Structure formats: C-alpha cells, structure tokens
Amino acid sequence: MTQARPVASLPIELAPPDISPWRQGNRGVEFVHVLDSGRPGPNVMVQALTHGNELCGALALVHLFEQGVAPVRGTLTLVFANVDAYARFDPADPHPSRFADEDLNRVWADAVLFGSRDSSELRRARALQPFVDAADLLLDMHSMSEPCRPLMVCGRVDKNARYAVELGVPADLLIDTGQAAGLRMIERGGFGDPASPKRALLIECGQHWEAAAQEVAIDTLMRFLAHTGVVDRGWALARTRRVPPARQQVVRVTEGVVARSMAFEFLVPLVGLSVVQRAGTPIARDGDHTWFAPYDNTVLVMPSLAHLAPGSTVARLGRFEPVQALQRG
Ligand SMILES: [Zn+2]
C-alpha cells in the first residue's frame, strides 16, 4: 500500500508575483483590464488566480503585460480573479489560500450567481460575470495539488477538446462530468453548450509550485492568443516556451471518487494521469468501503487529499481515447 505523501513536502519553486500594478482596472473593476484593438474580431478573455494559490497563471499574465501585449483584432480581457485569496498566500502553508470563503470555480450557475447568498468569491464572480458572458473565447489558467503532466480541462463538451487539438497543446485533454459542488466558469452559458460557437479551456499547468508550471502557463497562453487571432500570431508564437507534443489524446472521465469521511485514503500512488492496468485493482478506501478500478487501464485524474472533506471529490477515473474519436458539437 502506498500512503499519500504530505503535499506540503513539495518544494515551492515559484514566487508569487507582485500584481499591485494592475489593481486599477480600466472598466471599473479591480484587476480587470480590457484591451480593445478598435477593430472587429473576437472577444477573448484570459483569467489567472481563479484559485488564489495557483501562481503560474499570475506569473504568465504579469509576463504578458510586461511584454507589452496589444491586440490587433477584437478585444482582450485580462483578469486576476481571486485576488483576496491570493493576498493570503503563505509559502509556509500554501493550500488555504486556494479561496477565502468558497471555491470561486463552483459558483457560475445562474441560481448561485444571482441568488441571495453572499461570500467573498460570490462578490468577485458577480463583478466578473459581465466579462465572462461577453467573451467568445476563454482561457482559465490553473495548476494542480499533486504532480501531473499538463492537462487541458475541456469541460463536458467535445467542442472544447477539439479547440485544444487546434491549439496543439497539451498532450492530454480532459473531458469530464462536471463538479458536483457547482458549475465551473468554463461551463457557463454558451461555453458548455455544444451548439454555441463559444469555446472555453482550463489549463492545469502542472503541480502548483513547480517551476515548469510557469513555462507551461506562458506557452499555453501565447499559443491560445495566437490561435484566437486577437494578437499578432508571429508576436505570440515568438514567445512560446515549449515544443508541442507529437500527439494528443483525450482522457474521458466516467466517474468521480467522493470521500465519505476524513478516513479516506488512496491505495495507489498520488500521481495524476497514472494508469491502473487491471480492472478490479483496489484504488482507495474509506472505512469499510473500497473503490476498485472499473476497467482495464483506468486513468487516475487529479487525485489529491489536499482539500479532503466528507463529500469532496478526491479523484476522477477515466479512459484514454484518440482525439479522432471526438464528437462534433
Ligand atoms: Zn485551480
């Protein structure tokens, strides 16, 4: 049996950047900058710090600003999202600053967003909602609690995975079944509708604190901007950092693993996208309940105990598929 390694033992190779120069937005909302080319074109939005302890996206946005990004078509909206949580980031105890009151990436259903409940994250989401809803193309930059190859989270619709195939990065494209705890930003409105031309992607750049996550964030951001056409393609591609993968594959989630109590434990190593070869292999247990691999070559998607709580999704299980199997719409 392999016990979960304490996540706090991972070295922190990235330093949180100073984002205070971008506090004053240009549309009346702090840390929201809308750059308008003055020419027709797509409405493109990029968001960092949906989770306050995921530094790579903030580093990539700061880099983008410092490179003097200027759209040539349409508009480009750049957002540092959960700035209140980010302000609490503490390298000695980096996990609590994921959010202040609740997960900002679970509040995007209308019933929650326009409901009567209040929280630090709901106030922020309500301020960001007009920008999210105006966007045609959205990139949300994240990182993961446990070591894992970069992973593009495409929501529940194949169209977003097809868009990631057009981008050419990363190698692994995740289509999942949503989060029981609430709607994510990349699923909101047209982004989650197969019939809508809108596209949204969530890049998981690697483990939260690894230096490579910053490179993946910058590389993905530049390729995304180049592909949307909102910036000059040559300008963006000259600023990429990595060789694209030779081939891409889809990971299609079939089910989640939901902890029942704080006694939950994994019986396999906590490495994202690792494969359990044989159906029936024990994967995890919680008291007298055991989870088994449901099929041969079960892929373990983002297993983590960093935010373990009764009822929390601690991993998802899926299968690799060729990108050729992606559905239209
Ligand atoms: Zn995240």
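A Förster distance of 22 Å, applied to the separation of the beta-carbon atoms of Asp90 and Glu265, puts the FRET efficiency at 0.25.
Ranking Val301, Val44, Gly182 by Cα position along the charge dipole of the chain, where only Lys, Arg, Asp and Glu carry charges on their C-beta atoms, puts Val44 farthest toward the positive end.
Using a cut-off of under 13 Å, list every residue of region 117-151 whose amide N is near the label point 7 Å from the Cα of Tyr295 along the Cα-to-beta-carbon line. No residues fall inside that zone. Fewest neighbouring Cβ atoms within 10 Å first, the residues Val72, Val153 line up as Val72, Val153. Arg242 label point, 7 Å along Cα→Cβ, cut-off 18 Å on backbone N: hits in region 194-215? Of the residues in region 194-215, 201-215 have backbone N under 18 Å from the label point off Arg242.
Return the FRET efficiency for the residue pair Glu255, Ser20: r is the Cβ-Cβ distance, R0 is 56 Å, and the value is rounded to the nearest 0.05. Don't jump to the answer; show the numbers that get you there.
Details: r = 43 Å, r/R0 = 0.77.
E between Glu255 and Ser20, to the nearest 0.05, is 0.85.
Under 5 Å between amide hydrogens, built in the peptide plane, is the criterion, and for Leu267 it picks out Ala284, Arg285 among residues at least 5 positions away or on other chains. In order along region 255-261, phi translates into HN-Hα couplings of 6, x, 10, 10, 5, 9, 8 Hz, rounded to whole numbers, per the Karplus curve 6.51 cos²θ - 1.76 cosθ + 1.60 with θ = phi - 60° and x for Gly and Pro. Taken about its Cα centre, region 12-126 carries a charge dipole of roughly 520 debye when the Cβ of each Lys and Arg holds +1 and the Cβ of each Asp and Glu holds -1. When its C-alpha radius of gyration is set against 2.2 N^0.38 Å (N residues), region 10-237 gives a value of 0.93.
Only Lys, Arg, Asp and Glu carry charge here, each on its Cβ (+1 for the first two, -1 for the last two); on that basis region 254-322 has a dipole of about 40 debye about its Cα centre.
FRET efficiency for the Arg39 to Ser196 pair, using the beta carbon distance and R₀ = 25 Å, is estimated at 0.60.
Taking 0.36 nm per residue of sequence separation and subtracting the Cα-Cα distance, how much length would be gained by fully extending the chain between Ala180 and Arg149, in nm to one decimal? Provide the component values of the computation, followed by the final result.
Numbers: separation 31, 0.36 × 31 = 11.16 nm, distance 2.42 nm.
Full-extension gain reported as 8.7 nm.
Inter-part distance, region 121-148 to region 192-220, computed on C-alpha centroids, equals 11 Å. Highest mean first, the peptides 111-122, 159-170 sorted by other C-beta atoms within 10 Å per residue fall in the order 159-170, 111-122. Extension gain for Glu66 to Ala309 (0.36 nm times residue separation, less C-alpha to C-alpha distance): 83.5 nm. The Cα atoms of region 70-147 give a gyration tensor whose axes a ≥ b ≥ c have a/c of 1.5 or more with a/b no greater than b/c, which makes the shape oblate.
What is the gain in length, in nm to one decimal, between Asp101 and Arg319 on full extension, counting 0.36 nm per residue of separation less the C-alpha to C-alpha distance?
Values: separation 218, 0.36 × 218 = 78.48 nm, distance 3.38 nm.
Extra length available between Asp101 and Arg319 comes to 75.1 nm.
Values quoted throughout were computed directly from the atomic coordinates according to the rules given, and no laboratory measurement underlies them. Keep in mind the model is a prediction, meaning the values are calculated, not measured. Quick reminder, even Gly has a Cβ in these numbers, built from the backbone with ideal geometry, and neighbours come from all protein chains shown.
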